[in-house]
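Take a look at the structure below.
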Amino acid sequence: MKKTQLELMRQHMVEMQLKRRGIRDKKILDAFAKVPRHRFVNRFQRRFAYEDHPLPIGSGQTISQPYIVALMSEALNLEGGKKVLEIGTGSGYQTAILAEIAGEVFTVENISKLQAQAKGTLDDIGYDNITFIEGDGKKGYSESAPYDAILVTAAAKKIPKDLYEQLEEGGIMVIPLGGMFMQSLYRIEKRDGSYDKHDLGGVRFVPLR
Ligand code: SAH
């Protein structure tokens, strides 16, 4: 497919899937208009990269639907200079969106093959503000804590304790909570040893293992 064709599909995605559904933050819309989503899927999926649904990325995992990536990114209240921890690197697409908006991104993945692929793509595009960690995301990455924002891109039964502890006071965590079939996306704001919890709607993610 030609570059211009891919660019048109990307613009169309921003208009129809994001703006029309209420994504307003200019930083988010600009990031989606810029990041080449087709480079985060294999060549057989490339033609579907800008469609309104998730896609398989191998090892039984998926790259989330563009709108869901936008909704989660917007809920994190990011801006330049902020430090964000992502759990579940997967294809690295969400990582790229975060790296466009935040100051520094730390991303954890426990399937080495996916991590190597994602790192290859992101290095190739030229991001220099991403740190890749291989390990169990439920433990977070205490070495660089606390984080202004934490994004979990796989569904958990409850908020992992280590992740809550690694969140800055006043910081925001976005996490899908629930079982295999019924999940809601939550925006958690850490406050005085507890948190405020806001339901962003029903979603379906692969489980946090
Ligand atoms: N943000 C990704 C979506 C990835 S799907 C993207 O845009 O492509 C969720 C990812 O979480 C998968 O890659 C899966 O391997 C990873 N994952 C699941 N449980 C994990 C855990 N305990 N630790 C680290 N990564 C985990």
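Throughout, read-outs are computed from the coordinates displayed, never taken from laboratory work. Model, not experiment: these values are computed from the prediction. In this analysis, Cβ positions are derived from the backbone assuming ideal geometry, glycine residues included, and neighbour counts consider all displayed protein chains.
Taking the Cα centre as origin and putting +1 on Lys and Arg beta-carbons and -1 on Asp and Glu beta-carbons, what dipole magnitude results for the chain, to the nearest 20 debye? All intermediate terms of the calculation are to be shown ahead of the outcome.
Details: 30 positive and 27 negative charges, 190 e Å.
For the chain, the charge dipole is close to 920 debye.
Sequence gap at least 6, Cα distance under 8 Å: using those rules, report the relative contact order of the stretch 148-209 to the nearest whole percent. Let's see the in-between values first.
Details: 135 pairs, mean separation 20.6, N = 62.
Rounded, it is 33 percent for the stretch 148-209.
Which distance in Å, rounded to a whole number, links the C-alpha centroids of the stretch 14-81 and the stretch 111-161?
Rounded to whole Å, the Cα centres lie 17 Å apart.
Using a/c under 1.5 as the rounded threshold, could you call the stretch 71-167 rounded, prolate or oblate? The axes a ≥ b ≥ c are square roots of the C-alpha gyration tensor eigenvalues, and prolate needs a/b larger than b/c, oblate otherwise. The partial results should precede the final answer.
On the way: a/c = 1.58, a/b = 1.15, b/c = 1.38.
The shape class here is oblate.
As a test of the formula, what do you get for the chain when each DSSP H run with n ≥ 4 contributes -39,500 (n - 2.57) and the sum is divided by the residue count, at 222 nm and rounded to the nearest 500 deg cm²/dmol? Intermediate values should be presented prior to the final figure.
Numbers: 6 runs with 58 residues, N = 209.
Computed mean residue ellipticity for the chain: -8000 deg cm²/dmol.
Working out 0.36 nm times the residue gap between T131 and A116, then minus their Cα-Cα distance, what length gain in nm do you get to one decimal?
The span from T131 to A116 would gain 4.2 nm if fully extended.
Mind listing which trypsin sites (Lys or Arg not before Pro) in the stretch 21-120 are in a DSSP loop and have 13 or fewer other Cβ atoms within 10 Å? It would help to have the intermediate numbers written out before the result.
Values: sites: R21, R24, K26, K27, K34, R37, R39, R43, R46, R47, K82, K83, K113, K119; in loops: R24, R43, K82.
Counting only loop positions with at most 13 other Cβ atoms within 10 Å, the trypsin sites (Lys or Arg not before Pro) in the stretch 21-120 are R24, R43.
How would you rank T4, T107, T131, going from fewest to most other Cβ atoms within 10 Å of each one's own Cβ?
Working: T4 8, T107 28, T131 13.
In increasing order of surrounding Cβ atoms, one gets T4, T131, T107.
Identify the residues of the stretch 192-208 with backbone N under 19 Å of a label point that sits 7 angstrom from the Cα of M182 along the Cα-to-Cβ direction, or state none.
The answer is 198-208.
Can you give the FRET efficiency to the nearest 0.05 for R191 and D30, using r as the Cβ-Cβ distance and R₀ = 30 Å? Don't jump to the answer; show the numbers that get you there.
Details: r = 31 Å, r/R0 = 1.02.
FRET efficiency, R191 to D30: 0.45.
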